[in-house]
């Protein structure tokens with residue numbers, strides 16, 4: 001017995017895709033809520049820690065399930081497997097061995113680095129079972145997020161052709177943007193996101209600690225730095241790169257850069273490598289665009305390496 005045939009050209013009818021979430025972490029809880037909000041019936045939640053399976057099940061009107069997940073394959077057609085990466089293979093193996101999956105089922109994981117193939121059941125009939133990796137490239141601060149959190153998010157889609165088609169359709173329903181990614185490229189794709197998102201936080205921390213070292217008013221960070229970090233991101237969105245870049249590198253002002261390097265070396269030497277690497281990346285950006293004269297680029301590079 002199989003689930004009803006899915007015709008990609010007709011989109012997804014949520015009522016035909018009853019949903020289970022195994023290992024509800026931050027992304028799993030948010031994705032379960034989001035899909036429930038779109039009309040996907042949530043039928044089971046299990047494998048959670050700190051009572052989150054019971055909490056999410058009660059919230060979404062689902063039953064709590066546990067290993068060996070007997071009968072789950074007859075209840076859920078869309079199975080989210082969202083424990084921590086180190087537990088993903090074991091959770092997938094338990095589902096594959098005990099749930100009696102039916103053809104037409106899609107198993108989804110949201111890992112940024114583990115390939116979709118880890119979901120493939122190791123025994124039994126696996127034809128017609130889709131294994132999909134669908135990673136939302138966006139910070140999830142807690143387990144309380146829902147449908148609105150996915151709006152505009154990038155989803156990295158990886159898996160077999162049929163599974164990817166389903167992933168693109170789900171991303172569209174979630175009002176997100178999807179892109180195909182290979183297993184080999186997943187870790188780099190995620191590393192870039194981590195650098196972009198947590199790099200902002202690291203630089204905010206640098207600003208905060210420096211303000212403390214200079215005995216500046218605490219509002220320096222809240223009112224002076226954070227709003228303009230947002231403004232810098234908006235400038236990139238409006239003008240692109242390097243059009244949105246400002247500061248002495250963009251102007252070719254090597255004297256200002258030299259002054260910065262000197263004062264940081266004297267008072268905050270731990271910041272010199274950070275300033276240098278950011279400066280060299282910005283210099284490479286404007287150099288590749290031909291915005292600065294070659295001699296100016298040379299003076300800037302010398303200033304940064306002094």
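We did not get these values from a lab; they are worked out from the coordinates using the rules stated. Bear in mind the structure is a predicted one, so any value in this text is a computation, not a measurement. Please note: Cβ atoms are built from the backbone with ideal geometry, for glycine as well, and neighbour counts cover all protein chains shown.
Quick notes on this structure:
- Radius of gyration, Dmax [region 8-181; alpha carbons; angstrom]: 14.2, 41
- Mean separation of Cα contacts under 8 Å, 6 or more apart, over the residue count of region 8-181: relative contact order %: 21 percent
- Each residue, residue 192 and residue 215, gets one label point 7 Å from its Cα in the Cβ direction; the gap between the two is 4.6 nm.
- Note on region 246-306: Cα-Cα pairs beyond 17 Å make up 30% of the total pair count.
- Relative intensity, log₁₀ I(q)/I(0), of region 190-293 from a Debye sum that treats every alpha carbon as a point, q = 0.10, 0.11, 0.13 Å⁻¹: -0.32, -0.39, -0.55
- Degrees separating the helix 85-98 axis from the principal Cα axis of the chain, which is the longest one: 10 degrees
- Computed label-point distance, nm, for sites residue 241 and residue 117 using a 7 Å Cα→Cβ extension: 3.2 nm
- Rounded tilt (10° steps) of 272-288 against the dominant C-alpha axis of the chain: 90 degrees
- Relative packing of 89-95, 148-154, 264-270, 30-36, which averages over residues the other C-beta atoms within 10 Å, highest first: 30-36, 89-95, 148-154, 264-270
- The Cα center of region 181-239 and the Cα center of region 63-121 differ in position by 36 Å.
- Degrees, to the nearest 10: 26-37 long Cα axis against longest axis of the chain: 60 degrees
- Look at 289, 160 and count the other Cβ atoms within 10 Å of each Cβ; fewest to most, that gives 289, 160.
- Values of log10 I(q)/I(0), in the order q = 0.23 Å⁻¹, for region 6-110 under a Debye, Cα-only, solvent-free model: -1.27
- Ordering of 128-140, 274-286 by burial proxy (mean other Cβ atoms within 10 Å per residue, highest first): 128-140, 274-286
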